[in-house]
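One structure is given below, encoded as structure tokens.
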Amino acid sequence: MTDNTDDLRNVTLHNGVTMPTLAFGCAFGDWVGRSDFQGFLPEQAWRAVTMALDSGYRAFDGARAYGTERIVGTLLGQRFASGELRREDVFITTKLAHPAAPPHINISHKRTWDADKVEDIAQRVRDDMVDTLDDLGLGYVDLLLMHWPGGFGQHTKADPDFPRKARATIWRTFCELADKGAARAIGVSNFTIGHLQALMEDIPEPERRPSVNQVEIHPYCRDPELEAFCRERGIVVTAYAPFASGTFGLLQDPVLTAIAERHGKTTGQIVLRWHLQSGRTALPKTSKTERMVENRDLFDFALGDDEMQAIDALGADAARRTCPDPTSVA
Ligand SMILES: NC(=O)c1ccc[n+]([C@@H]2O[C@H](COP(=O)([O-])OP(=O)(O)OC[C@H]3O[C@@H](n4cnc5c(N)ncnc54)[C@H](OP(=O)(O)O)[C@@H]3O)[C@@H](O)[C@H]2O)c1
């Protein structure tokens with residue numbers, strides 16, 4: 001178990017901010033293995049966020065690129081209006097600097113962009129943050145993440161150091177936004193050890209290091225070296241797609257099924273408990289109320305060392321990913 005968790009329900013970031021270990025994932029879509037990307041399902045977004053609030057979720061993982069911030073902000077606003085919740089009761093994450101998306105969803109030049117093609121990166125980040133804060137209507141976000149370290153390698157640039165310089169510019173702008181109170185904590189997503197090392201060389205002040213690195217981790221996709229690197233530097237690792245987005249038959253894996261039967265739990269609960277006991281935070285997403293409740297009901301059992309190792313071993317071979325491999329980003 002980690003030494004910086006409070007009962008595995010919260011984790012303290014290096015700047016002292018407390019973050020819940022479970023946040024509801026707000027990327028609504030059905031994109032895994034599909035050629036026709038369907039990345040915005042409005043009925044699911046309105047219903048699922050409503051049900052998640054009713055089920056007790058108080059942390060929500062969003063991004064400018066998900067197109068759901070107005071929905072999350074509006075639904076939270078209703079709870080504030082009724083007096084049920086206050087701003088400080090919720091923990092809201094957003095992400096900026098997503099690379100350019102496929103043309104059929106990249107309908108707004110403001111929603112996603114590729115640093116390689118942006119003249120004034122810092123100004124774009126500031127403008128996007130203003131739009132995000134307007135959509136959310138929450139005054140500030142609790143955690144602001146750099147969504148991706150760059151494009152996916154399809155753009156060439158005369159200056160091979162350009163992606164690194166772009167990341168440093170984005171990060172300095174994030175620091176400025178945090179200093180102004182627009183974000184309580186800042187971090188990165190999809191960063192490899194190389195990306196982190198370069199960023200911490202470029203902005204060497206220890207207090208300016210990322211608080212969080214949000215990466216794809218599930219039992220079929222692990223990177224123990226990256227996790228150890230982050231842990232040693234006090235960077236919290238968050239597992240996105242904690243169930244592999246419902247693919248690869250992960251939740252039917254016989255190893256997980258046997259452990260679930262032993263504990264009288266579901267395989268989904270076993271996977272989430274494994275994430276928390278490994279010292280990660282996680283972002284489960286579901287469209288079903290009973291699973292929202294189930295996915296938070298993780299604190300009346302514990303996995304043994306042998307069970308943890310058996311689940312670790314599932315991802316020992318080549319990682320099976322639902323999202324692009326960040327090592328392909330320069
Ligand atoms: N930083 C990034 O680049 C990045 C990338 C991808 C995702 N994310 C974040 O991570 C979040 C979660 O990832 P994700 O949405 O791809 O997928 P996920 O949470 O790994 O999996 C969602 C799938 O699992 C199913 N499921 C959920 N709970 C279950 C349970 N207890 N038992 C059985 N099945 C269950 C859901 O089906 P039902 O709806 O039918 O229950 C859905 O098909 C996103 O919403 C987003 O916030 C971040």
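The values are calculated or read from the model by the stated rules, or taken from the named source; none is laboratory data. Owing to the predicted nature of the structure, the values given are computational and were not obtained by experimental measurement. Don't worry about glycine lacking a Cβ; one is built from the backbone with ideal geometry, like all the others, and counts go over all protein chains shown. Quick note on the areas: whole protein, heavy atoms, side chains included, nothing else; ligands and nucleic acids left out. Shrake-Rupley method; radii C 1.70, N 1.55, O 1.52, S 1.80 Å.
When T266, T327, T286, T322 are checked against the criterion of being surrounded by 17 or more Cβ atoms within 10 Å (Cβ to Cβ) and under 22 Å from E225 (Cβ atoms), a single residue qualifies: T322. Note on region 290-307: residues that are open to solvent by 70 Å² or more (accessible area, probe 1.4 Å), more than 24 Å from the chain's Cα centre (by Cα) and farther than 16 Å from T21 by Cβ total 2. When A185, A198, A166 are checked against the criterion of being assigned to a strand (DSSP E or B) and touching a helix residue (DSSP H, G or I) at 6+ places or on another chain (Cβ under 9 Å), a single residue qualifies: A185. As a summary of the residue check, E290 satisfies the conditions (1) in contact (Cβ under 8 Å) with a residue 24 or more places away in the chain; (2) within 20 Å of F28 (Cα to Cα) except for the one numbered (1). For region 111-136, give me each residue that is among the acidic types (D, E), free of Cβ contacts under 8 Å to residues at least 24 places away in the same chain and either outside any loop (DSSP other than H, G, I, E, B) or surrounded by 14 or more Cβ atoms within 10 Å (Cβ to Cβ) (or both). Residues satisfying the conditions are D127, D134. Among the residues of region 276-290, at least one is of a type in the set (A, V, I, L, M) and more than 14 Å from the ligand (Cβ to nearest atom). Looking only at region 260-317, which residues are more than 28 Å from G234 (Cα to Cα) and in contact with a Cys (Cβ under 7 Å, 6 or more places away or on another chain)? Within region 260-317, none qualify. For the condition at pLDDT below 95, more than 8 Å from the ligand (Cβ to nearest atom) and over 20 Å from the mean Cα position of the chain (by Cα), A310 does not qualify.
Any residue in region 224-237 that is under 26 Å from R9 (Cβ atoms), among the aromatic types (F, W, Y) and surrounded by fewer than 22 Cβ atoms within 10 Å (Cβ to Cβ)? Scanning region 224-237 turns up at least one residue that is under 26 Å from R9 (Cβ atoms), among the aromatic types (F, W, Y) and surrounded by fewer than 22 Cβ atoms within 10 Å (Cβ to Cβ). Of the listed requirements (1) open to solvent by less than 50 Å² (accessible area, probe 1.4 Å); (2) touching a helix residue (DSSP H, G or I) at 6+ places or on another chain (Cβ under 7 Å), R208 misses just one: (1).
Under the condition of being among the aliphatic types (A, V, I, L, M) and within 16 Å of the ligand (Cβ to nearest atom), the residues counted in region 197-245 number 10. Among residues of region 142-162 that are more than 20 Å from P324 (Cα to Cα) and modelled with pLDDT of 95 or more, those with a beta-carbon under 6 Å from a residue that is among the aliphatic types (A, V, I, L, M) and open to solvent by 10 Å² or more (accessible area, probe 1.4 Å) at least six positions away or on a different chain give the pairs L144/I186.
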